[in-house]
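Down below is the structure, laid out as structure tokens.
No value in this document is a laboratory result; all are computed from the given coordinates. Please read these numbers as outputs of a predicted model, since none were measured by experiment. So basically every Cβ, Gly included, is an ideal-geometry build from the backbone, and we count neighbours across all protein chains shown.
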Amino acid sequence: MSQGANQGAIALVPSDRPILRPSEDLRPLRILLITPKGHKEEASSQKALFSMAIGVLVSITPPQHTLELVDELFGDPIDFNQSYDLVGITTRTMNVNRAYAIADQFRQRGIPVVLGGVHVSFNYAEAKPHADAIVCGEAEHLWSHVLQDVADGCLRPRYDASDFPPVNEVPPLHYARIFAASKREQVDARKSIPIYMTRGCPYTCAFCVTPNFTGRLYRIQSPETIRAQIEEAKRVFFKPSRYGKTPWFMFTDENLGVNKQRTWEILEILAECEIKFSSFISINFLEDPKTVDLLVRAGCLMALVGFESVNQATLKAYNKGRTNSAQRYAEIITSCRKAGLNIQGNFMTNPAIDTYEDMQATEDFVRANRLMMPIYSIITPYPGTQLYREYKEKGLIVDEDWDKYTAHNLVVRCDNYDPLEYQLRYLTHFLGMYAWPAIVTRVAFNRNKLVNLVTSILFRRNLQDQIVSVKSGLRRPLQQTRYIAEPVANEREVTAD
């Protein structure tokens, strides 16, 4: 939602809604908040200790209500025999089928269920049969209405953020309450604690859902609020150990580096907090020596950068070719490494554009530049994105099994190659980025060697499992009527290693 659209939504809460009473007047509720794990969702070495959406709900829920968190990504069991006044489930596309199954089981027992999150916000008709209410968009200004309606026994079928005032200020997280409600124990320096400094992003990348969900309105927390959250999170979630006495935070900001001056202010505060962190940041900011220096002094373990591709024609197709190139990427990676900053690259392959040679070139680039914890994805048009609308209109989406929307499964047309072969080639080149020689040089040439080694080994195991899963038929792409391209010369065999 654009800033202008947000301003146009400042109308009062719709007149058909009951007047909001003081929160303390509501009867206490027992609330279960669930983060599901998709049926084909891979294990991850980067999973956050809790969903940020759930963390926000916990932080804005009045204190008289009892909260319990279940996170299936950590193997938390769900007790369907317990009695709750409300079950809230957050959804992403890759876990929504599991979310529907959980919701159906609670509703069969007469327990009200509210579904929220990115996927259901853009798929109301699909989600409606599985819930008593659907929350669409940011929940900060509508959650109190949901709780009042639950207490009064009159849940409405839909609560849409566009019907409420815009969220001009994002709330701080209440880490002590999140910790008390969750099943997580304190973590050492090998596990990251999620936090956000900002919300929203002014850019409109076609494959990103942010502009249509959290909106283009860019909101920044105050330095004092950021400092207070970090100190509370360190106190309740972190324990020093032989792996280190400094906690690691995972910044979940859509784009930390939008306003350079405000980013500098945040980094100055972080430098006083004695933490390490990882964050997504625009590559343009990494050309500025002062920003890189501040990131290092603030404790940045690694900066995640969306390179997308090393192929100039592909970058041009993504409207990034005018300013970006593989040579520019390599120069920035080298200068950041010399300054003490690790770069975690994010790359994508698209069967309509990228060949097997492009996959090989991406692997070669990652290995030559010794990128820390590289991420490689197959283009995936998620509901709510401009890409999804365009691909849907052109008939380019061939598979809407949401379980496959992990960014590692081929769900779009693949006219130039056999779909199974393309997916296996992609996974093989991804695994090549985590071959033992690549891991050894990555650890040797980058800082934070323990994190580098542990995460690389976990990525390697996960990718080997994925290849076995595809070959066994558990997650094969759909076969398509296609044009068979000529074989690519000098391409290695598809193997598990």
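Rounded to the nearest 10 degrees, the inclination of helix 436-445 to the longest alpha-carbon principal axis of the chain is 80 degrees. Segment LEU458..GLN479, full-extension length gain: 4.5 nm, with 0.36 nm per residue of separation and the alpha-carbon distance subtracted.
Between the C-alpha center of segment 253-269 and that of segment 149-180 there is a gap of 27 Å. The three principal axes of the C-alpha atoms in the chain carry coordinate ranges of 71, 56, 44 Å, sorted with the longest axis first.
Given 4 °C and 1.567 mPa s, compute D for segment 314-392 with the Stokes-Einstein relation, Rh being the Kirkwood radius over Cα pairs; round to the nearest whole µm²/s. My calculation gives 92 µm²/s for D. Dimensions of segment 395-447 along the principal axes, based on C-alpha atoms and rounded to the nearest Å, stand at 46, 22, 14, largest first.
If only the Cβ of Lys and Arg carry +1 and only the Cβ of Asp and Glu carry -1, the dipole of the chain around its Cα centre is close to 1060 debye. The Cα atoms of segment 23-72 cover 43, 17, 11 Å along the three principal axes, with the biggest extent listed first. If R0 is 60 Å, the Cβ-Cβ spacing of ARG30 and SER325 corresponds to a FRET efficiency of close to 0.60. Placing unit charges on the Cβ atoms of the charged side chains and taking the dipole of segment 313-391 about its Cα centre, the candidate lying farthest along the positive direction among ALA352, VAL366, ALA330 is ALA330.
Under the √(5λ) rule applied to the eigenvalues of the Cα gyration tensor, what semi-axes describe the equivalent ellipsoid of segment 175-472? Give them in Å, descending.
Values: eigenvalues 199, 98, 86 Å².
Equivalent ellipsoid semi-axes, largest first: 32, 22, 21 Å.
Extension gain for the segment THR204 to LYS338, taken as residue separation times 0.36 nm less the Cα-Cα distance, is 45.0 nm to one decimal.
Restricting attention to the chain, close to 10% of DSSP beta bridges with both partner residues there are antiparallel.
Starting from a Cα-only point model with no solvent, please compute log10 I(q)/I(0) by Debye for segment 136-266 at q = 0.09, 0.12 1/Å. Taken in order of the listed q values, log10 I(q)/I(0) reads -0.35, -0.62. Between the amide H of ILE343 and those of ALA303, MET372, distances stay under 5 Å, these residues lying 5 or more places away or on another chain, with hydrogens modeled in the peptide plane. Using the Cα coordinates of segment 221-279, the gyration tensor eigenvalues translate into equivalent-ellipsoid semi-axes of 22, 12, 10 Å, sorted from longest to shortest.
Once you order the gyration tensor axes a ≥ b ≥ c over the Cα atoms, which shape class does segment 49-181 get: rounded for a/c under 1.5, otherwise prolate or oblate by comparing a/b with b/c? Walk me through the numbers before you get to the answer.
Working: a/c = 1.26, a/b = 1.06, b/c = 1.19.
Rounded, because the longest to shortest axis ratio a/c is under 1.5.
Here THR441 and GLN108 are evaluated by their C-beta separation; at R0 = 56 Å the FRET efficiency comes out at 0.55. Take every pair of alpha-carbon atoms less than 8 Å apart whose residues are at least six positions apart; their mean separation over the length of the chain yields a relative contact order of 13 percent.
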